[in-house]
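These notes are about the structure you will find just below.
Each reported figure results from applying straightforward, stated rules to the coordinates on display, with no laboratory input. A quick note: this is a predicted structure, and the numbers were derived from the prediction, not measured. Glycine gets a Cβ as well: all are built from the backbone with ideal geometry, and neighbour counts include every protein chain shown.
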Amino acid sequence: MLLWANSNEHTRLLGVGDTITCFSLPHSWYNNEEAINALKLFLDAGKELDGIPTYRYDLVDLTRQTLSKLANEVYLSAVLAYGSRDSNSLNSHSRKFLQLIEDIDELLGSDDNFLLGTWLESAKRLAVNENESEQYEWNARTQVTMWYDNTKYKQSQLHDYANKFWSGLLKGYYLPRASMYLGGMAKSLEEKREFELTKWRREWIEYSNRWQRSRDSYSVEARGDALAIANSLYRKYFA
């Protein structure tokens, strides 16, 4: 199942006790070290180029890309820790994974082009009354998350098909979902039992449907200094 916004994934089977549990593991098409080196060069050019909107856009996008690939690696480490029944390692990697989601959300929030709020408000502006506004917002939320053809225990085949790296979507939707999943893994190790996959799917689907129906507002204006945030995250994770 997808925790992170990966466009490609493959499945591996891990033995846990006397059970076999199926996890989706991330796939990378390139060496992230090359992207990290490119990011360092991009950051070094910031003093001269920071005032150019296209530079800031690419800076946020490249920083987001390197951090998301790091998150893939951390997620894989968490899965392997679960497979080896190493609770301490699982908890450590889980905390780092969740922190990465928060940090990427903050980064994306520093540029107007990466805001969930813009998407939702553009949908609501098409409405001529409150009923339409509610319907159009539900449509917009559904398209970038679960879609609509789920059952109680089976997610839509198109779930996460249109996932986006948008501030608000990561912290408001993916972070709680990832926390639920990783918490369930930790609890199954603590209680020495199999991960309850069917229960997790039900909880995930119920959570997604609640989020789709919610009317929480999200920022439509960028906040923070993109270059300063990107530099801080580079030092935190790659220096």
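Which one, LEU175, LEU108, LEU126, has the greatest fluctuation when you compute a Gaussian network model over the chain with C-alpha springs under 10 angstrom?
Among LEU175, LEU108, LEU126, the largest mean-square fluctuation in the Gaussian network model of the chain belongs to LEU126.
Could you point to the residue in ASN163, TYR148, ILE229 farthest towards the positive end of the stretch 9-237's charge dipole, with +1 and -1 charges on the Cβ of Lys/Arg and Asp/Glu respectively?
TYR148
In whole Hz, what ³J(HN,Hα) sequence does the stretch 61-67 give by Karplus (6.51, -1.76, 1.60; θ = phi - 60°), x for Gly and Pro?
With coefficients 6.51, -1.76 and 1.60, one gets 5, 5, 5, 4, 5, 5, 5 Hz.
Mind telling me which of LYS47, LYS69, LYS124 comes out most flexible in a GNM of the chain, alpha-carbon contacts under 10 Å?
Ranking LYS47, LYS69, LYS124 by mean-square fluctuation puts LYS47 first.
Tell me, what ³J(HN,Hα) does each residue in the stretch 116-129 have, in order and in whole Hz, if you take phi through Karplus 6.51 cos²θ - 1.76 cosθ + 1.60 with θ = phi - 60° and put x for Gly and Pro?
4, x, 4, 5, 5, 5, 5, 5, 5, 5, 7, 7, 10, 8
Compute a Gaussian network model of the chain, connecting alpha carbons closer than 10 Å, and tell me which residue from ASN113, ASN129, ASN32 fluctuates the most.
Among ASN113, ASN129, ASN32, the largest GNM mean-square fluctuation belongs to ASN129.
Sorted from largest down, give the three principal axis spans of the alpha carbons of the stretch 67-162, whole angstrom values.
Here the spans come out as 55, 37, 18 Å, largest first.
With the cut-off at 1.5 for a/c, could you classify the stretch 87-129 from its C-alpha gyration tensor as rounded, prolate or oblate?
oblate
Once the dipole of the chain is set up with Lys and Arg at +1 and Asp and Glu at -1 on Cβ about the Cα centre, which of GLY172, GLY109, ALA35 lies farthest towards its positive end?
It is GLY172.
Determine the alpha carbon to alpha carbon distance for each of LYS164/LYS236; LYS47/LYS164; LYS40/LYS164; LYS47/LYS96; LYS199/LYS236; LYS96/LYS199 and list only those over 27 Å.
In this structure, LYS47/LYS164; LYS47/LYS96; LYS199/LYS236 lie more than 27 Å apart at Cα.
If you split all Cα-Cα distances of the chain into 10 Å bins from zero, what percentages do you get per bin, shortest first?
Percent of Cα pairs in each bin: 7, 29, 33, 22, 8, 1.
Roughly how many debye, to the nearest 20, is the charge dipole of the chain about its Cα centre, given +1 on each Lys and Arg Cβ, -1 on each Asp and Glu Cβ, and no other charges?
About 700 debye.
What does the helix-only formula give at 222 nm for the chain: each DSSP H stretch with n ≥ 4 adding -39500 (n - 2.57), the total divided by the residues, and the result rounded to the nearest 500 deg cm²/dmol?
-19000 deg cm²/dmol
Please list, in chain and number order, the residues 5+ apart from LEU115 or on another chain whose amide H is under 5 Å from its amide H, with Hs placed from the backbone.
SER167
Could you derive backbone 3J(HN,Hα) for the stretch 69-76 from the dihedral phi with the Karplus parameters 6.51, -1.76 and 1.60 (θ = phi - 60°), listing whole Hz in sequence and x where the residue is Gly or Pro?
3J(HN,Hα) across the stretch 69-76, in whole Hz: 5, 4, 4, 4, 5, 5, 4, 4.
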